[in-house]
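S.K.: Encoded as structure tokens, here's the structure I'll be asking about.
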Amino acid sequence: MKHFLKRCSLICILLLTFVLPVRAETSYSSFYITISDALMNTKQGNGEKAEAAIDRFTKEWESVESSETKEKEAVDKALQKVQKATNKDERIAALKELSTALRTLEEKENPIDETAQREEFARKITPALEQFENALATGDLEQIEAAYNTFNTKWNQNERPVRDLSTAMYGEIETQMAFIRMSIASETADITTIQEQYATLKQKIEDFIAGKETVQAVEGDYSLETLVQYIEEAIKHIGEKNYADAAASIQQFIIIWPQVEQEVSTRNGSLYTKIESDMPIIASSLMKSNVDAEHITQNLKQVKTEIELLKADTNYSFWDSAMILLREGLEALLIIVALAAFLKKSGQQAMEKWIYIGALLGVVCSIVAAVLMSTVLNSATVDSNREVLEGYIGLAAAAMMIGVGVWLHNKTSVGSWNRYISNQMNQAISTGSVVSMAAVSFLSVFREGAETIVFYIGILPKMEMSQFWLGIAMALAILAATAVVLMKMSGKIPVHKFFIVATIFIYLLAFKIIGGSMHTLQLQGRLDTTVVDGLPVLSTVGFYPTFETIIGQAVLILLILATIIYKRFIKHNAVMVRKPK
């Protein structure tokens, strides 16, 4: 226990040393992601998730300061409109206004010369464009494809000014490029068609460079769900061997893709690249005389599942919040009541008050540690990597829960629990020191408090604050009632029953956190994503159909089984030893 306290203190000191002296420049990237979350969930009708994203934006925005007061006020007003929106359409419009206001603030703080940006884009893209045009003049399909790939690479490297300055022009250029890729990959590539498509592409690029808005943005309420619907349509048509309609569905996917792509690129860069490169090829393959329906269907299902993984997000309810505090709080209560009962039995009632003093200090230190950890996680230093950090902390919380579960499992017998309490108290009583007595209860409570903090940090980013506080309130009410009962029951506490139930719930929550945390790291590109076909996305229980998350949760299940088998083995050996020979 003493070692545990020292390690926790050392970790807090190191974190403060690392974080507090550093002040990084304000980054708005996380705010755009939060706006995207709110937009996506609003479009899909997930009001609670959208409100949670808005609350997250509001909380983080409170710490932002800017010398550009006019633009900052515009963001504040737009945020107020978002908060006051009473229906879906109002919220979508307000969120778009908020995004625009935030972009304006960012541009004001980091002024750019639009003309210079367009000229710089022209300087970088023109050589590749000319190379593609020269290849088209040869009529050689291999040269054309090689030149297109070179142009595509250059475009991907330099597309941002187009996307930032004109969403409509960006979408039109992306669509024309996809159509060219489809034509190149077709069974009987028509050079004339490709040249016509190239002429349109070239004109749109030249219009952008000249500052002309010659197209309008694609109108419509599009989201990730729209992409899924077009894929499902295509799969249905393929199943009916209606390949022309399937190709038309994929073409519609390609047309609206620029309006939705940012929701993908901010969460899963590899999926973004895959869609950009593969969907035109799939559309072209559907128009060939010999269609490999099985292969195309498998590819479309995989893309669909990966998009659904972006839509799915592990969310925790008030019950998860309550369960953590109940488990940790009840264990702390059991320990304190058992320590007090032990003192009465040993005739040391005079030292009982030090048990409660130590417990109170443990609660206070736990609250201080929670504030420090909150400061660390909300600092500018970790802002840009917040979701990655949340993923790793979630896995750390799950690992601790597994350890707690094993510890609880080992205490499910009355004998094991009594030996644990006796060992703790005998060490303190042997010294006769009130400090030692208080330290026993302090360390018991602070250990539970430290575990609670880590557990909550692991789930709080995926939980609405109303659900969090409702769970806390419910747990505190139950703990208060339980404390009264425990004090009256004293030595008649059914410890083993509590530990059995608590162990089950802890393992279930660990399963959910492992899935949710690994999913977060996959979306951030820190873990590979290997989709397992045919399995559903069950975000409510933290199950995602990827090889990596399934392996992580399978390891948990194996550890649980190993713990059960080991305990039965130990119990069997103990019985054999006690049997008379």
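S.K.: What ranking, highest mean first, results for peptides 249-260, 72-83 when packing means the other Cβ atoms within 10 Å averaged over each residue?
M.R.: On the way: 249-260: 21.5, 72-83: 17.5.
So the peptides 249-260, 72-83, ranked by packing, come out 249-260, 72-83.
S.K.: First check a/c for segment 124-184, with a ≥ b ≥ c the square roots of the eigenvalues of its C-alpha gyration tensor; if it is under 1.5, answer rounded, and if not, answer prolate when a/b is larger than b/c or oblate otherwise.
M.R.: Values: a/c = 2.64, a/b = 1.74, b/c = 1.52.
The shape class here is prolate.
S.K.: Below 8 Å, C-alpha to C-alpha, sequence gap of six or more: please give me the relative contact order for segment 160-289 in percent.
M.R.: Values: 129 pairs, mean separation 42.8, N = 130.
Relative contact order for segment 160-289 comes out at 33 percent.
S.K.: Considering only protein heavy atoms, what per residue accessible area in square angstrom results for segment 141-189 with a 1.4 angstrom probe?
M.R.: Details: 2030 Å² over 49 residues.
Dividing the accessible area of segment 141-189 by its residue count gives 42 Å².
S.K.: I would also like to ask the following. Please express the Cα-Cα pair-distance distribution P(r) of segment 179-285 as a list of whole percents, one per 10 Å bin, running from 0 to the bin with the greatest distance.
M.R.: Histogram of Cα-Cα distances, whole percents per bin: 13, 36, 39, 11, 1.
S.K.: Given a 1.4 Å probe and every protein chain left where it sits, what share in percent of the accessible area of segment 81-217 is carbon and sulfur? Kindly include the intermediate steps, with their values, before the conclusion.
M.R.: Details: 3170 of 7180 Å².
Carbon-and-sulfur percentage of accessible area, whole number: 44.
The values are calculated or read from the model by the stated rules, or taken from the named source; none is laboratory data. Remember, predicted model here, so these are calculated numbers, not experimental data. Positions of Cβ are backbone-derived with ideal geometry, glycine not excepted, and every protein chain shown enters the neighbour counts. For the accessible areas, the whole protein counts, side chains as well, though only heavy atoms, and no ligand, DNA or RNA atoms are used. Shrake-Rupley method; radii C 1.70, N 1.55, O 1.52, S 1.80 Å.
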